[in-house]
Amino acid sequence: MGEKGNGDPRGVDGITGRQELRQREQGAGGTGGAEAAIAATDADVPVAGHPQGKVVPGRMTAAAAGEITVFLIGMRINRFRDVRSWWPALSAMPRMLRELADDPDSGLLAARNLLGGPRLFYLVQYWESHEKLLAYASAPEQRHRPAWSAFNRGARRNPGAVGIWHETYVVPAGNYETVYGWMPPIGLGQATGIVPIGRRGERAADRLAQVRSRGA
């Protein structure tokens, strides 16, 4: 998906995002409570030339070019006491992310967990294409399909205990721009690598024009 930036794709700390995700899930042990499950969803896919979590000096922009797919997915615990209803949905996501991270052809570029309060859990994912996203969601041999079936069975037994939602955005080239000032790689910059902002333009309008011309 466009440029990957310069330098070792493992980052200068010598560890890939997929390796880090596996380590986080192993540390969670799969049964460490909601906090462990949330931490394990923090999937850091490699950012070229920059160590994970380290502040990058100056102003940067994402190295992405061409079309991008952004997938937002989340859940809301409506009834905390109904643990058997919401825990399977919450704990399934780290396993799915590990499966995707283990497959270099899965199409998942990066994922980041966000918290919206004690009831709300929200994951942002960046994909190479919507075709790969849909292929994973429907593949019977992958973890998503059986997890979705199990959720639906639980929802029929105990309706309303947990809410779920998702949104998919297929964004053409020239319809996005980014800026990161003194930030660790995050968002689209985490997914595709980052470059100094001067390469794409100091103003948002300049960066949109650059991405549009590269995607033409």
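Could you tell me whether any residue of the range 87-110 is hydroxyl-bearing (Ser, Thr, Tyr) and in a strand (DSSP E or B)? Checked against the condition, which is being hydroxyl-bearing (Ser, Thr, Tyr) and in a strand (DSSP E or B), the range 87-110 yields no hits at all.
Checking the conditions here, which among 114, 120 is open to solvent by 30 Å² or more (accessible area, probe 1.4 Å), over 17 Å from residue 191 (Cβ atoms) and either out of contact with any strand residue (DSSP E or B) (no Cβ under 7 Å at 6 or more places or on another chain) or not aromatic (Phe, Trp, Tyr) (or both)?
Exactly one residue qualifies, and that residue is 120.
The set of residues in the range 157-216 that are open to solvent by 60 Å² or more (accessible area, probe 1.4 Å), modelled with pLDDT of 90 or more and under 30 Å from residue 76 (Cβ atoms) comprises 159, 164, 165, 166, 167, 168, 169, 170, 175, 183, 186.
Identify the single condition in (1) open to solvent by 30 Å² or more (accessible area, probe 1.4 Å); (2) at pLDDT below 95 that residue 105 does not satisfy, given that it satisfies every other one. Of everything listed in (1) open to solvent by 30 Å² or more (accessible area, probe 1.4 Å); (2) at pLDDT below 95, residue 105 misses just condition (2).
The values are calculated or read from the model by the stated rules, or taken from the named source; none is laboratory data. From a predicted model like this one, the values you see are computed outputs, not experimental measurements. Every residue, glycine among them, receives a Cβ derived from its backbone with ideal geometry; neighbour counts consider all protein chains shown. Accessible surface areas use protein heavy atoms only, side chains included; no ligands, DNA or RNA. Shrake-Rupley method; radii C 1.70, N 1.55, O 1.52, S 1.80 Å.
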